[in-house]
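Asks: Mind looking over this structure? Questions follow.
The values are calculated or read from the model by the stated rules, or taken from the named source; none is laboratory data. Keep in mind that this is a model prediction, so the values were computed, not measured. In this analysis, Cβ positions are derived from the backbone assuming ideal geometry, glycine residues included, and neighbour counts consider all displayed protein chains.
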Amino acid sequence: MGETFHRNNFHKNTFCIFNEAHLEEIEKLSAGYKSKSGSSYYFTENGVYRLSNHWGRAAGCKWRLQSGGLSENRTRLGFASWTSFHRDNDFEKLYFIERTPDGVHFQHKDAGNYNGQLLRAASETTKRIRQIRNLLENDAWTKYYPQGDPAILKEKAIEALIQTDQTLQQIKLLF
């Protein structure tokens, strides 16, 4: 069983996906903490609301906002239950890559949707995601493989980057 997170330790080397929430949800709450960067935190028994204009890496944590399309503003409110926080560090293989219709994201193995996918340390996961996003935006490299359909080559390369430890160069040599 992993560490139990609460208002005194959730902000120290954690991974979490916050769900976007309506501002009305904090109307009767008082901010329990305001960071130097301007984020406000509202604590409840079940979790924490974070009102912020920046998400992603925050003070040694990897926090992502799962947008619900509730706000067009840069400043958004997110809620995460205490059980949504998971330990993070730079050396353990804690992350896998998930591709959805919304894009390519890293996920923590303890977040509940891990099904045996290849795990990597944070830096390797970030590097792979950068390569995948580059492949999604650029298929000029496929012209060097006239025998293959560019869309299929791109998909095969992306799947191999997600599912194997092979380098992009090694993957391209297989085509």
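Asks: List every residue pair whose Cβ atoms sit under 6 Å apart, with the two residues 6 or more apart in sequence or on different chains, where the first one lies in the range 159-175 and is of a type in the set (G, A, S) and the second, anywhere, is at pLDDT below 95.
Replies: Once the first residue is of a type in the set (G, A, S) and sits in the range 159-175, its partners that are at pLDDT below 95 give A160/I171.
Asks: Now for a separate question. Do you know which residues across the range 144-159 are modelled with pLDDT of 90 or more and either surrounded by 17 or more Cβ atoms within 10 Å (Cβ to Cβ) or not in a helix (DSSP H, G or I) (or both)?
Replies: L153, K154, A157, I158
Asks: Just to be sure, is K34 surrounded by 18 or more Cβ atoms within 10 Å (Cβ to Cβ), more than 20 Å from T167 (Cα to Cα) and of a type in the set (K, R)?
Replies: The answer is no for K34.
Asks: Hey, another quick one. Within the range 95-130, take every residue that is small (G, A, S) and either part of a strand (DSSP E or B) or over 25 Å from N9 (Cα atoms) (or both) and give me the one that is nearest to the chain's Cα centre (by Cα).
Replies: G103
Asks: Within the bounds of the range 12-25, is there any residue that is part of a strand (DSSP E or B), more than 22 Å from R74 (Cα to Cα) and of a type outside the set (A, V, I, L, M, F, W, C)?
Replies: Taking every residue of the range 12-25 in turn, at least one turns out to be part of a strand (DSSP E or B), more than 22 Å from R74 (Cα to Cα) and of a type outside the set (A, V, I, L, M, F, W, C).
Asks: Look through D139, D110, D102, D149 and report the one residue that is without any contact (Cβ under 8 Å) to a residue 24 or more places away in the chain, closer than 22 Å to S67 by Cα and not assigned by TED's automatic domain parsing to the domain that holds T44.
Replies: D102
Asks: I need every pair where a residue in the range 49-76 that is without any contact (Cβ under 8 Å) to a residue 40 or more places away in the chain and on the phi > 0 side of the Ramachandran plot has its Cβ under 6 Å from the Cβ of a residue that is aliphatic (A, V, I, L, M) and assigned to a strand (DSSP E or B), sequence separation at least 6 or different chains.
Replies: Matching pairs, first to second residue: none at all.
Asks: Something else about it: When you go through (1) of a type in the set (A, V, I, L, M); (2) in contact with a Gly (Cβ under 9 Å, 6 or more places away or on another chain); (3) modelled with pLDDT under 95 one by one for A59, which number turns out not to apply?
Replies: Among (1) of a type in the set (A, V, I, L, M); (2) in contact with a Gly (Cβ under 9 Å, 6 or more places away or on another chain); (3) modelled with pLDDT under 95, the lone unmet condition for A59 is (2).
Asks: Answer yes if at least one residue in the range 78-101 is over 28 Å from L51 (Cβ atoms), at pLDDT 90 or above, charged (D, E, K, R) and surrounded by 14 or more Cβ atoms within 10 Å (Cβ to Cβ), and no otherwise.
Replies: yes
Asks: Does the range 145-159 contain any residue that is among the β-branched types (V, I, T) and farther than 30 Å from L23 by Cβ?
Replies: yes
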